[in-house]
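Comments concern the structure below.
The values are calculated or read from the model by the stated rules, or taken from the named source; none is laboratory data. Everything quoted here is computed from the prediction, not taken from an experiment. Virtual Cβ from ideal backbone geometry, glycine too; neighbours counted across all protein chains shown.
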Amino acid sequence: MSIRHGLLALLERGPRYGSQLRTEFESRTGSTWPLNVGQVYTTLSRLERDGMVAQGGEDAAGHALYAITDSGRAELRTWFEKPVDRTSPARDELAIKLAMAVGAPNVDIRDVIQSQRRHTVKAMQDYTRLKAQALIAVETGGARERDDVAWLLVLEQLIFQTEAEARWLDHCESRLIRLSATAAETGSATATTAGGATGGAVGAASGGTAGASTATAPNGVDATPTEAASPAGGAR
């Protein structure tokens, strides 16, 4: 999230003081990403250092006002025109958690997935209820219509995001089931192959023993062990 550019966008509408910027920022985003006054003033100081804002006197209540400069407008215009970089995604705690859960001792990754899915679906339902309220506010119009439209866009992004996360969790669970089934089949095939090889070896050994048992008798006659043991009976 770019607090820096968000403040520049608000200042383009006219000079503002710190707490006013915080209030308007949260109003636009529905407090999805709350700010504290310290963050706002720290960012304003950096913007002032970089020549993108300048202090422009005080209001009637004595608040120090900040105004955007030409350099700040150029920076803001570039921000609006340039796509958000997706080639270096921010760290995602859920993705990291599932990656670390794979093969972790005493952790059932399916439980992790199911727990997260319940939370994600609940969040999606909450966002959907808030979207219905935002739609009513937009349709009825009013002094806050611009903020209501902005909040509606943020909510819809959150809804799409949670829907995608829920689908991804379903995919992860299906993937693990398929991999488990494949591993089980591979293990069964390996065991069968090993069993066949063992059986063949046993058969070969048994065949060798049988061959030895039907060895040619001393008198030149192929005899069974009994016959070989009783040559006298055979002579009779």
So, of the residues in the stretch 1-45 that are basic (Lys, Arg), in contact (Cβ under 8 Å) with a residue 40 or more places away in the chain and closer than 23 Å to Gly57 by Cβ, which turns out to be surrounded by the most Cβ atoms within 10 Å (Cβ to Cβ)? Arg16
Apart from one, (1) over 17 Å from Thr32 (Cβ atoms); (2) modelled with pLDDT of 90 or more; (3) not assigned by TED's automatic domain parsing to the domain that holds Glu24 all hold for Glu75; the odd one out is (3)
